[in-house]
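The values are calculated or read from the model by the stated rules, or taken from the named source; none is laboratory data. Computed from a predicted model, the values in this text were never measured in an experiment. Reconstructed Cβ throughout: ideal geometry from the backbone, glycine too, with neighbour counts over all protein chains shown.
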Amino acid sequence: MNTIKLKADLESFFNEDLGAADLTSEAIFAPGEQGSGTYTAKAPGIICGLPVVASGFELFDPQVEVHPHVNEGDRVEAGDDIITVHGSIRSLLSAERVLLNLLQRMSGIATMTDKAAQIVKGTRTRVTDTRKTTPGLRMFEKYAVTVGGGFNHRFGLYDAVMIKDNHIAYSGSIAKAVQKVRAKLGHTVKIEVETTCPEEVREAVQAKPDIIMFDNLTPEQILHLIPEVPEWIVTEASGGIDLSNLASYAGCGVDYISLGCLTHSVRALDISFNLVSALKGAEPQKGVIQ
C-alpha cells in the first residue's frame, strides 16, 4: 500500500468528517482527559485494515497508543477484540468513525474474498477483483482483496490494456485493435481482449494477446473453448459470476475469475468501538460509540 497516498487519503477523510471541529467531544471532554477504546468484532470474518487504523491515529494524534490483539488477515469470531487504542478521549472519538468505517469495509471485502478463495481452492483458478470499486477507496479495497487471499486485476486504465466491445467496434476487428495498441505501447504492457462468443475467442487467439477474457459465457461454453486457447495465453472468466456459481466456473480450467461482487456489493463486517473513560475520581464509563 502506498503510504504517501494513504496519509493523503486519511487527511481527506478526516477533513470531510471533522470540518472545523468535533463539536460534541470538545464540549464534553477537556483536552487532557484520557481513555481507552477497543474495536471488537460482532460477527465472524477476516480482519483487514489494522495498518490503516494505526496510521490514522498516528496522523490524527501521535500520542495515541495503538495495541492490536490480532494480526492482519486473521480470522475472528464474534466478541473477539481486534485493536485497543489509548490516549486523549477527544482524539479517540474524533478519529474512530472514519477508521471504523474503513476497518469494517476492508474486513468485509477480505471476508468475502476468503470465501471465494476457498471455493476455488484445489483448482488452477485464482480469484481476482475488478475496477468496480468505490471511488476514492480503490487502493484500500484492492489491498483488502489480497489480504483475503485474492489477486488484483489492473488498478486503473493506466497499467494494462483491456480491449472491449466499443474498442473493437471502432477499430473494425479484434486484430486491428490489438495491432493499434502494439504499435503505440511498449513491450511491458499486458494486452487483454474481451470476447463474448466462440468466433471472437478464435479471432482473439489469432491476434495473440497476453490475456483472453470470456465475458458472460456459460461454464459449458468456456469448457468447450479452453482447448482452443494456447497455454501461453492467460484466460479469465467474468460477467455474472458470484459465490453462488463460482465453483462451476472454476471447473472450466480458466486461470482467473474476476468478481465485481468482491467490492461493489460487499457487506461490511460488523465491528463496534467501545470507549472506557478514565475520568479522575469517577468509575470507568463504557459505551458503544455510534
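Quick notes on this one:
- Checked against (1) assigned to a loop (DSSP other than H, G, I, E, B); (2) within 24 Å of CYS261 (Cα to Cα); (3) of a type in the set (Val, Ile, Thr), VAL70 passes all but a single condition, namely (2).
- Count - residues of segment 208-220 that are surrounded by fewer than 24 Cβ atoms within 10 Å (Cβ to Cβ) and under 25 Å from the mean Cα position of the chain (by Cα): 4
- Selection within segment 53-103 - out of contact with any helix residue (DSSP H, G or I) (no Cβ under 6 Å at 6 or more places or on another chain), of a type in the set (D, E, K, R) and either touching a residue at least 40 places away in the same chain (Cβ under 8 Å) or farther than 30 Å from ALA20 by Cα (or both): ASP74, ARG75, GLU77, ASP80, ASP81, GLU96, ARG97
- The set of residues in segment 76-135 that are out of contact with any Cys (no Cβ under 9 Å at 6 or more places or on another chain) and small (Gly, Ala, Ser) comprises ALA78, GLY79, GLY87, SER88, SER91, SER94, ALA95, ALA117, GLY122.
- Residue match in segment 249-260 (condition: modelled with pLDDT under 95, over 19 Å from PRO198 (Cβ atoms) and of a type in the set (Ser, Thr, Tyr)): no
- Taken over segment 51-83, the criterion of being surrounded by 14 or more Cβ atoms within 10 Å (Cβ to Cβ) and among the aliphatic types (A, V, I, L, M) is satisfied by VAL52, VAL53, ALA54, LEU59, VAL64, VAL66, VAL70, VAL76, ILE82, ILE83.
- Taken together, PRO62, PRO51, PRO68, PRO31 contain a single residue that is more than 22 Å from the chain's Cα centre (by Cα) and either closer than 20 Å to THR146 by Cβ or at pLDDT below 95 (or both), which is PRO31.
The rows are residues; the columns are (1) hydrophobic (A, V, I, L, M, F, W, C); (2) in contact (Cβ under 8 Å) with a residue 12 or more places away in the chain.
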{"position": "HIS153", "(1), (2)": "no, yes"}
{"position": "HIS187", "(1), (2)": "no, no"}
{"position": "LYS208", "(1), (2)": "no, yes"}
{"position": "MET213", "(1), (2)": "yes, yes"}
{"position": "PRO219", "(1), (2)": "no, yes"}
{"position": "LEU223", "(1), (2)": "yes, yes"}
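- Per the listing LEU223, LEU259, the residue uniquely surrounded by 18 or more Cβ atoms within 10 Å (Cβ to Cβ) and aliphatic (A, V, I, L, M) is LEU259.
- Scan of segment 19-50 for residues that are assigned to a helix (DSSP H, G or I) and surrounded by 15 or more Cβ atoms within 10 Å (Cβ to Cβ), ordered by number: SER25, LEU50
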